[in-house]
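Let me begin by presenting the structure, written as structure tokens, before commenting on it.
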Amino acid sequence: MEIKFAIALAIMLTLLAPEPAQNSYIPLELGGDNYYTMYGSPDISASISGTDEFKRGDTVTLYLDLTNYGRIIGFKQDQMPQNAKEYALASAELEEENKKPTALGITTTLVSRAPQIEVKSGDQVVESLKSGDKTQFPLKFTIKIGEHAPAGEYPLHLNMTYDYQDNVRVYASKLVTEGGTSTFSNYRVSYIYQKANQTVPVTIRVKKQADFVIQNTTAELMVGGKKQEIHATYRNIGEDPVRDAVARLSIFKPFSSTDDQAFIGNLEPGNETTVLFRMDVDSDATTKDYGISSEIKYTDLNGDTVISESMKIPVVVKAASSSLLLPAVIVLIIIVAAGGYMYRKKQKKA
């Protein structure tokens with residue numbers, strides 16, 4: 001009775017459903033009976049676990065949860081059971097057919113089409129996901145936010161490929177009933193699977209904050225020079241203003257300075273200011289192009305102290321100018337000439 005009731009209940013379900021896709025694989029080599037064709041498939045969504053907002057210039061981990069909302073949406077009866085064995089087989093097939101929305105071997109790939117966002121990690125794999133279930137642990141993707149990525153939303157795409165059960169056939173040579181319990185003899189099930197591709201959107205946000213670039217510099221220094229001037233123009237290309245900003249340099253040989261910080265003050269988005277540093281260059285410095293690291297320490301809208309990303313100031317170190325050597329040579333010649341004159345004068349007196 002229970003078997004007949006299950007079959008009757010299944011037949012009462014809606015019979016209107018779309019035709020199944022035609023790219024099934026694993027052919028029906030084992031044969032068997034097909035009592036039902038079920039309609040439906042997995043339907044996987046992705047959601048961000050934790051924060052979806054990040055700072056520009058950071059390399060972060062994005063956590064994603066997958067949820068399978070797939071379900072059976074209908075069926076058709078392909079074969080009517082005629083005896084107890086067939087009713088039992090139909091019931092067994094129906095139980096297997098209900099696994100149709102389960103996604104198997106899910107391979108996920110996160111893709112960014114925005115040049116400001118780089119996905120640095122590879123594919124993530126989930127073994128299976130039943131209808132109504134969520135992944136036990138979030139997927140982890142490493143992403144790099146561009147150094148000067150504008151604030152706002154950035155759509156990413158999670159590409160997924162997986163298999164799911166398309167159809168089931170069942171076979172048994174006979175139904176054996178002993179002591180009120182029925183069992184199949186030579187029972188087997190043939191599974192036919194289908195491949196599926198699915199893409200779901202994932203959106204992250206880049207926070208509003210100040211951001212800086214160096215627009216112009218004047219930095220041509222001489223070997224051995226003292227307190228030589230470096231002019232640098234800083235521009236706030238971000239979205240937020242800053243207060244009490246100070247530009248500072250990271251000094252290394254052959255440079256030295258006691259004036260490696262410059263006060264900027266307040267700087268609104270889109271505004272710029274030029275500051276002055278003074279630099280000494282060692283007398284044994286190599287003449288070439290250098291890059292001196294610079295950063296800005298400031299107070300943000302929340303009153304927090306923030307240090308910007310490092311920026312490079314291009315500096316050219318040249319050989320000491322010949323115009324500086326000429327006076328020294330002239331003085332030396334005068335000293336030598338004066339010495340010679342005094343020597344000859346003494347010789348005459350003698």
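The values are calculated or read from the model by the stated rules, or taken from the named source; none is laboratory data. Here the structure is a predicted model, which is why all the values come from computation and not from measurement. When we count neighbours, we look across all protein chains shown, and the Cβ atoms used for this are built from the backbone with ideal geometry, even at glycine. SASA here: full protein model, heavy atoms, side chains in, ligands and nucleic acids out. Shrake-Rupley method; radii C 1.70, N 1.55, O 1.52, S 1.80 Å.
Taken as a whole, region 84-104 holds at least one residue that is at pLDDT 95 or above and assigned to a strand (DSSP E or B). Pairs linking a residue in region 187-198 that is over 14 Å from Met160 (Cα atoms) to a residue that is β-branched (Val, Ile, Thr) and at pLDDT below 90, with Cβ atoms under 6 Å and 6 or more positions apart or on different chains, are Ile192/Ile26; Tyr193/Ile26. Considering Lys134, Lys140, the condition of being under 30 Å from Lys55 (Cβ atoms), in contact with an Asp or Glu (Cβ under 7 Å, 6 or more places away or on another chain), touching a residue at least 40 places away in the same chain (Cβ under 8 Å) and among the charged types (D, E, K, R) is satisfied by Lys134 alone. Candidates Thr142, Thr203, Thr108: the one that is touching a Pro at 6+ places or on another chain (Cβ under 7 Å) and polar (S, T, N, Q) is Thr203. Checked against (1) touching a strand residue (DSSP E or B) at 6+ places or on another chain (Cβ under 9 Å); (2) more than 26 Å from Gln124 (Cα to Cα), Gly180 meets all criteria but (1). For region 38-66, the set of residues classified as open to solvent by 20 Å² or more (accessible area, probe 1.4 Å), part of a strand (DSSP E or B) and of a type in the set (Ser, Thr, Tyr) consists of Ser41, Ser45, Ser47, Thr59, Thr61, Tyr63, listed by residue number.
Within the bounds of region 237-252, is there any residue that is of a type in the set (D, E, K, R) and within 22 Å of Gly146 (Cα to Cα)? Checking region 237-252: at least one residue is of a type in the set (D, E, K, R) and within 22 Å of Gly146 (Cα to Cα). If you go through region 283-306 and keep only what is of a type outside the set (Ser, Thr, Tyr) and more than 16 Å from Asp260 (Cα to Cα), you end up with Asp284, Ala285, Lys288, Asp289, Asp300, Leu301, Asn302, Gly303, Asp304, Val306.
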